[in-house]
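What follows draws every value from the coordinates through simple rules; no lab data is involved. The shown structure was predicted, so the numbers you read here are calculated from the model rather than taken from an experiment. When we count neighbours, we look across all protein chains shown, and the Cβ atoms used for this are built from the backbone with ideal geometry, even at glycine.
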Amino acid sequence: MSKKFIITEEERNEIKSLYRINEGAGDIIPALIKAIFMKTDDEEEKSSDNDTSSLPDKTTSDDDFYKSVLKCLGAEPTKSNMLFMYAWRQAEGGDAKNNPFNTTQKMEGATNYNKIGVKNYRTPEDGIQATCKTLTNGRNKYGYDKIIDGLKNDVGLSKLSDAVVNSKWGTKDLLTRITKDYIAGISPKPKDIA
């Protein structure tokens with residue numbers, strides 16, 4: 001069974017240009033295939049991670065929390081950014097109240113969730129502020145600047161996951177596995193924010 005490829009006028013012009021450049025070189029077919037039909041790993045990830053066309057307005061009951069954290073950091077709630085927030089939450093797990101990313105940021109009225117100092121926050125607003133404060137306070141010192149910049153620049157799930165794994169944040173290999181699953185098409189399964 002043959003497949004039919006539809007190419008744009010821009011791609012046609014690129015073919016013509018490549019043909020003129022490579023005319024007589026004898027290797028035009030591989031160049032054309034690469035130029036038109038192949039995507040680099042970065043392009044493939046970017047096109048799937050950053051596509052907002054299939055992102056519903058609300059995926060989980062906690063979307064407003066995630067969107068507020070993104071807004072606080074100066075980032076947009078794109079498909080890849082939201083999927084990253086779900087993956088990060090899923091990797092963190094835990095039941096700390098209004099604290100999906102298990103931050104230890106002190107806030108008025110917060111109580112300890114565990115011996116490490118992860119906090120329970122009184123309200124979702126406190127949890128949002130604590131998460132933003134943690135990320136912005138430790139920008140360069142703890143490597144959180146790469147997370148924030150990645151969210152602002154909508155770099156995709158893999159690069160955002162790498163930014164967290166390479167920072168001082170506690171989430172590590174599980175986040176990488178979860179983001180790979182999301183990229184492969186597995187549906188997000190973040191735990192509800194307590």
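Overview of results
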quantity	calculated
Over 21 Å (Cα to Cα) - which of K97/K191; K97/K141; K79/K189; K67/K146; K71/K152 fall in this group	K97/K141
Estimated distance in nm for a label pair at A194 and K180, the labels positioned 7 Å out from Cα along Cα-to-Cβ	3.0
Additional length obtainable on full extension of the chain from N153 to E108, 0.36 nm per residue less Cα span	13.0 nm
Förster-model FRET efficiency, 25 Å R0, D145 and D64, C-beta, rounded to 0.05	0.45
